[in-house]
Amino acid sequence: MATVRGERRRAALVEAAAAILLAHGLDGVSHRAVAERARAPLGATTYYFATLDDLRRAAVDLVVSRDLTRMERATAKVTKRRRSAQATARLVVDTLMPGSHPELVAWFERYLGAARQPVLRVGARAINRAAREHAATILNRSGWDAALPATVALAVVDGATLAALVEGAGATAARHAAQAALRTVMEP
C-alpha cells in the first residue's frame, strides 16, 4: 500500500520527467536528470519506476492527459452558432495547439517520435484521435462540417504549423500561419 509521502514523491518524479520531456524531448528524460530536477535521490527513480521506459511512459501519460484536458475544456466552451471562416479557424487552432513555443515543439516531437519510439505511440494516437474529434465538433458547431472534413482541417493545421516552426517562427506566428492556412482552405 502506497503512503501519502510515497505518492507525493512519485508524483514529483513524474512532474519532473514531464517538464524534461517538454523541454528536451524523450531522450532528455533520464533517471539522473529526473532525480536532479525533482531534488530527489537517484535511487528514488528506480524505486518508483522499474525501468527508464516506465518513467518515460509516466511522463508522456501526464503530458498527454494535460493536452487532452486542455482540448476538452476549450471545445466545451464552443457554442453552436454560425461562424466566419476566420473565427472558426482561430477556434480550431486555439483548441488543438498548445500555447507556448516549447510545448508546441514538444507536441510535434512526440507526434513524430511515435513512428520510432513505442513509448510515445499510444499517447500520440490518443492526441491525434482527440484532435480530430475536437476539430469535427468545432466545425460542426460553427456550421462548417459539411464543407470541410475534420481530417483535412487537422492536416492543414499540422502542416502549416510545422512549416512555420521549421522557418523559425515562434508559437504565436506558427498559430497565425495555421489559422491563415485553414481559413484559405475554408473560403472559396
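The values are calculated or read from the model by the stated rules, or taken from the named source; none is laboratory data. Fair warning: this is a prediction, and the values are worked out from it, not measured in the lab. Cβ coordinates were reconstructed from backbone atoms using ideal geometry, including for glycine residues, and neighbour counts include every protein chain displayed.
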Query raised in the report: Is there a residue in region 123-142 that is surrounded by fewer than 22 Cβ atoms within 10 Å (Cβ to Cβ), in contact with a Leu (Cβ under 6 Å, 6 or more places away or on another chain) and in contact (Cβ under 8 Å) with a residue 40 or more places away in the chain?
Result: yes
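Any residue at all in region 94-103 that is of a type in the set (Val, Ile, Thr), modelled with pLDDT of 90 or more and either touching a Leu at 6+ places or on another chain (Cβ under 6 Å) or assigned to a loop (DSSP other than H, G, I, E, B) (or both)?
Looking for residues that are of a type in the set (Val, Ile, Thr), modelled with pLDDT of 90 or more and either touching a Leu at 6+ places or on another chain (Cβ under 6 Å) or assigned to a loop (DSSP other than H, G, I, E, B) (or both), one finds none in region 94-103, hence no.
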Query raised in the report: Taking interchain pairs and intrachain pairs at least six residues apart, which have beta carbon atoms under 8 angstrom, with the first residue in region 2-13 and over 14 Å from ARG56 (Cα atoms) and the second not hydrophobic (A, V, I, L, M, F, W, C)?
Result: ALA2/ARG10; GLY6/TYR48; ARG9/TYR48
Requested in this report: Tell me, yes or no, whether region 92-104 has at least one residue that is in contact with a Pro (Cβ under 7 Å, 6 or more places away or on another chain) and in contact (Cβ under 8 Å) with a residue 60 or more places away in the chain.
Outcome: yes
Query - Single condition ALA160 does not satisfy, out of (1) modelled with pLDDT under 95; (2) of a type outside the set (S, T, N, Q); (3) part of a helix (DSSP H, G or I) - result: (1)
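Can you name every one of the helices (runs of 4 or more DSSP H) wholly within region 21-90 that holds 1 or more residues which are surrounded by 19 or more Cβ atoms within 10 Å (Cβ to Cβ), among the aromatic types (Phe, Trp, Tyr) and in contact with a helix residue (DSSP H, G or I) (Cβ under 9 Å, 6 or more places away or on another chain)?
42-48
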Requested in this report: Return a yes/no flag: does region 149-167 have any residue that is surrounded by fewer than 16 Cβ atoms within 10 Å (Cβ to Cβ) and under 21 Å from ARG82 (Cβ atoms).
Outcome: yes
Report task. Could you please let me know if ALA131 is outside any loop (DSSP other than H, G, I, E, B), at pLDDT 95 or above, under 18 Å from the mean Cα position of the chain (by Cα) and of a type in the set (A, V, I, L, M)? Result -> yes
Query raised in the report: Given the residues ARG110, ARG175, which is the only one that is of a type in the set (Lys, Arg), closer than 21 Å to LEU21 by Cα and touching a residue at least 24 places away in the same chain (Cβ under 8 Å)?
Result: ARG110
Query raised in the report: Does ALA146 satisfy the criteria of being surrounded by fewer than 20 Cβ atoms within 10 Å (Cβ to Cβ), part of a loop (DSSP other than H, G, I, E, B) and not charged (D, E, K, R)?
Result: yes
Query raised in the report: What single numbered condition from (1) modelled with pLDDT under 95; (2) over 19 Å from the mean Cα position of the chain (by Cα); (3) closer than 27 Å to ASN128 by Cα; (4) not small (Gly, Ala, Ser) fails to hold for ARG82?
Result: (1)
